[in-house]
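Student: Shown below is the structure under consideration.
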Amino acid sequence: MSASGMTHDEIKEKMIWAGKVLVGEGQDDFTRGHISVRLPDNPSLFFMKCHSVGLDEITRENILTIGLDGKVVAGTSRRHSEVFIHSEIFKARPDVQCVLHTHPPYSIALSGSGRPMKALSQPGALFYEALGLYTDTINLIRTPEMGAGVAKALGPHRAVLLKNHGVVTAGASVEEVIIGTIMLENAAQIQMIAEAAGTTAPEFPRADIEQLKHDISRPDQFIVNFDYLVRRAKRREKAS
Ligand SMILES: [Zn+2]
């Protein structure tokens, strides 16, 4: 479900479980990484995870409300200095309702290889000739200008690799962004293993890859898989 039609409370609840799902999938790096969701009733504001807590420690109380200039308009927790990744993508892409930045290892390794994402697996097809690469700096994205650079490198795609740093994923729903990020890391992992093993065999024809990309891009695919990971996270929380 897109954020439209959801209450602020429902959006925050979804962000809380998205964070737990991401940690369950190994997308955490200490307290680094952040997720934001645009407010459906005010597209110039967004909710964002705060600094100093893990992705699995998001609460209704510590989520910040931030404007497209990067300034906090509600909430008392510390803001991530990389807020401009989110604000500049929301400015450049009216279609985007959710932005995520994480540091998944295989995606970072691929970003440093200089090689493009290939369709060496089904998740790879999702990003085949549809993955940005930001190469301006290894440093944190701490200014609106740097954020605009990331938005430019993202272009019309669903994800961009920040060279030797991490990934940024953007989409029309939380589900699309979370599952897309997990699929990106899975695709990068398979590609790095396959390439490390030696020369890869020729890929399937472009039309074959595009057909799969179309099929796995359907919104219901992201929702079904996100809902499954939330149920699994809830079972694990209950058991612990
Ligand atoms: Zn980062």
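Student: Among the residues of segment 192-209, write down those that are touching a Phe, Trp or Tyr at 6+ places or on another chain (Cβ under 9 Å) and in contact (Cβ under 8 Å) with a residue 12 or more places away in the chain.
Tutor: Keep residues of segment 192-209 that are touching a Phe, Trp or Tyr at 6+ places or on another chain (Cβ under 9 Å), which gives 192-193, 203, 206, 209.
Within segment 192-209, Met192, Glu203, Ile209 meet the criteria.
Student: Moving on to the next point. What do you reckon, is Ser107 under 17 Å from the mean Cα position of the chain (by Cα), among the small types (Gly, Ala, Ser) and more than 13 Å from the ligand (Cβ to nearest atom)? Before you say what the answer is, go through the steps one by one.
Tutor: Numbers: under 17 Å from the mean Cα position of the chain (by Cα): yes; among the small types (Gly, Ala, Ser): yes; more than 13 Å from the ligand (Cβ to nearest atom): no.
No; evaluated as a whole, the condition is false for this residue.
Student: Conditions: (1) surrounded by fewer than 23 Cβ atoms within 10 Å (Cβ to Cβ); (2) of a type in the set (Lys, Arg); (3) over 30 Å from Glu203 (Cα atoms). Lys49 meets all but one. Number of the miss?
Tutor: For Lys49, the failing item is (1).
Student: Could you figure out which of (1) crowded, with 22+ Cβ neighbours inside 10 Å; (2) within 16 Å of the ligand (Cβ to nearest atom); (3) under 21 Å from Glu237 (Cα atoms) isn't true of Ile58?
Tutor: Only one criterion in (1) crowded, with 22+ Cβ neighbours inside 10 Å; (2) within 16 Å of the ligand (Cβ to nearest atom); (3) under 21 Å from Glu237 (Cα atoms) is unmet by Ile58, namely (2).
Student: Being within 13 Å of the chain's Cα centre (by Cα) and not hydrophobic (A, V, I, L, M, F, W, C) is the requirement here; does Ser36 meet it?
Tutor: Values: within 13 Å of the chain's Cα centre (by Cα): yes; not hydrophobic (A, V, I, L, M, F, W, C): yes.
Spelling it out, Ser36 is indeed within 13 Å of the chain's Cα centre (by Cα) and not hydrophobic (A, V, I, L, M, F, W, C).
Student: Looking only at segment 78-108, count every residue that is surrounded by fewer than 16 Cβ atoms within 10 Å (Cβ to Cβ) and more than 21 Å from Lys152 (Cβ to Cβ) and tell me the total. Explain how you work it out, then say what you get.
Tutor: The first filter runs over segment 78-108 and keeps only residues surrounded by fewer than 16 Cβ atoms within 10 Å (Cβ to Cβ), leaving 78, 81, 94-95, 105.
Now drop any that are not more than 21 Å from Lys152 (Cβ to Cβ), which leaves 78, 105.
Number satisfying all stated conditions: 2.
Student: Something else: Taking helices (runs of 4 or more DSSP H) that fall entirely within segment 6-121, which contain at least 1 residues that are closer than 18 Å to Ser173 by Cα and either touching a residue at least 24 places away in the same chain (Cβ under 8 Å) or of a type outside the set (Gly, Ala, Ser) (or both)?
Tutor: On the way: elements: 8-24, 83-92, 105-113.
Output list reads 8-24, 83-92.
Student: OK, next. Every residue in segment 123-170 that is within 15 Å of the ligand (Cβ to nearest atom), farther than 17 Å from His34 by Cβ and part of a helix (DSSP H, G or I), please.
Tutor: Within segment 123-170, Gly149, Ala153 qualify.
Student: Could you please find all residues in segment 123-137 being over 17 Å from Lys213 (Cα atoms) and out of contact with any strand residue (DSSP E or B) (no Cβ under 8 Å at 6 or more places or on another chain)? Before you say what the answer is, go through the steps one by one.
Tutor: Let us first name the residues in segment 123-137 that are over 17 Å from Lys213 (Cα atoms), namely 133-137.
Listed by number, the residues that qualify are Thr135, Asp136, Thr137.
Readers should treat all values here as calculations from the given coordinates under stated rules, not as data from a laboratory. Fair warning: this is a prediction, and the values are worked out from it, not measured in the lab. Positions of Cβ are backbone-derived with ideal geometry, glycine not excepted, and every protein chain shown enters the neighbour counts.
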